[in-house]
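The values are calculated or read from the model by the stated rules, or taken from the named source; none is laboratory data. Not measured: the values here are computed from a predicted model. Every residue, glycine as well, gets a Cβ built from its backbone with ideal geometry; the counts of neighbours run over all protein chains shown.
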Amino acid sequence: MTFVKFAKIIISPIYKLFFPVHIEGLENFDMENPFVLCANHQSNWDVVALYVASPRDDLKFMAKEELFRFKPLGWLVSKLGAFPVKRGQNDLGAIKTALRVLKDGEVLGIFPQGKRSETIEEDSAKAGAVLIASKSKVNILPAAIDTEYKLFKPVKIRFGKPFVVCAEDRRLTMDEIQEKANELMKEIIALKKGEQE
């Protein structure tokens, strides 16, 4: 049994006791192929919520490097599959790690807003998630987390339909990548409102 499976067995019932989890769209999860999982980000609890909701145990998150400075916490998040990224910089090491995760057939979790925010704006997405998905030729699975993270209040997680970055076999321009990132945020906003078709 992997550390992640063991952790989910321990953490999931405790988490669901304090934050009842309601999940929609699990049928959109690809159980065999790699993809990028993208969600809105309002709290550090979002990572735990997605781990608990995910039917796959190979979810690896790109996380801010500050989490790894406190060694016990850094050890734990590393064991759970997270790896550090320097925010606000072109962190080539983190990008290489992200590409390797997808090449290994696993799921890469990225919060496209790049930081926590109580609101979601259509133009708030960074280009990174779409850029990595484009380079790896994988789809993005949009997700929306709808909650206030108050004890015993439900955490609603909706997984949308796969977001195809580029159906053509060509390299996207940076303008096209940012445009796709904005489209992705529109999908996430629609999911949070329960409006995605």
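Hey, among 167, 125, which residue is free of Cβ contacts under 8 Å to residues at least 12 places away in the same chain, of a type in the set (A, V, I, L, M) and part of a loop (DSSP other than H, G, I, E, B)?
Values: 125 fails: free of Cβ contacts under 8 Å to residues at least 12 places away in the same chain.
Going through 167, 125 in turn, the sole match is 167.
Kindly indicate whether residue 57 is more than 25 Å from residue 151 (Cα to Cα) and at pLDDT below 95. Write out each step before concluding.
Numbers: more than 25 Å from residue 151 (Cα to Cα): yes; at pLDDT below 95: yes.
It is true that residue 57 is more than 25 Å from residue 151 (Cα to Cα) and at pLDDT below 95.
Every residue in region 147-168 that is among the charged types (D, E, K, R) and more than 20 Å from residue 183 (Cβ to Cβ), please. Lay out the reasoning, then the answer.
Looking only at region 147-168, we keep the residues that are among the charged types (D, E, K, R), and these are 148, 150, 153, 156, 158, 161, 168.
Matches in region 147-168: 148, 150, 153, 156.
Starting from residues that are within 18 Å of the chain's Cα centre (by Cα) and of a type in the set (Phe, Trp, Tyr), keep the ones in region 1-55 and report whichever is surrounded by the fewest Cβ atoms within 10 Å (Cβ to Cβ).
45
Given the condition assigned to a loop (DSSP other than H, G, I, E, B) and acidic (Asp, Glu), answer yes or no: does some residue in region 139-147 qualify?
The answer is no; no qualifying residue exists.
Those residues that are within 12 Å of the chain's Cα centre (by Cα) and more than 19 Å from residue 28 (Cβ to Cβ), I need them from region 100-114; list them, please.
113, 114
Could you check, for region 115-129, whether at least one of its residues is among the polar types (S, T, N, Q), under 25 Å from residue 173 (Cβ atoms) and surrounded by 20 or more Cβ atoms within 10 Å (Cβ to Cβ)? Steps first, answer last, please.
Step one: list which residues in region 115-129 are among the polar types (S, T, N, Q), which gives 117, 119, 124.
With under 25 Å from residue 173 (Cβ atoms) added as a condition, the list becomes 124.
Next, only the ones that are surrounded by 20 or more Cβ atoms within 10 Å (Cβ to Cβ) stay: none.
The answer is no; no qualifying residue exists.
Would you mind finding the one in 36, 77, 4 that is in contact with a strand residue (DSSP E or B) (Cβ under 9 Å, 6 or more places away or on another chain), more than 26 Å from residue 182 (Cβ to Cβ) and touching a residue at least 40 places away in the same chain (Cβ under 8 Å)? So that I can check it myself, show each step before the final result.
Details: 36 fails: more than 26 Å from residue 182 (Cβ to Cβ); 77 fails: touching a residue at least 40 places away in the same chain (Cβ under 8 Å).
Among 36, 77, 4, only 4 is in contact with a strand residue (DSSP E or B) (Cβ under 9 Å, 6 or more places away or on another chain), more than 26 Å from residue 182 (Cβ to Cβ) and touching a residue at least 40 places away in the same chain (Cβ under 8 Å).
Could you look through region 165-182, keep only residues that are over 16 Å from the mean Cα position of the chain (by Cα) and either of a type in the set (D, E, K, R) or within 21 Å of residue 31 (Cβ to Cβ) (or both), and pick out the one that is surrounded by the most Cβ atoms within 10 Å (Cβ to Cβ)?
Here the residue is 180.
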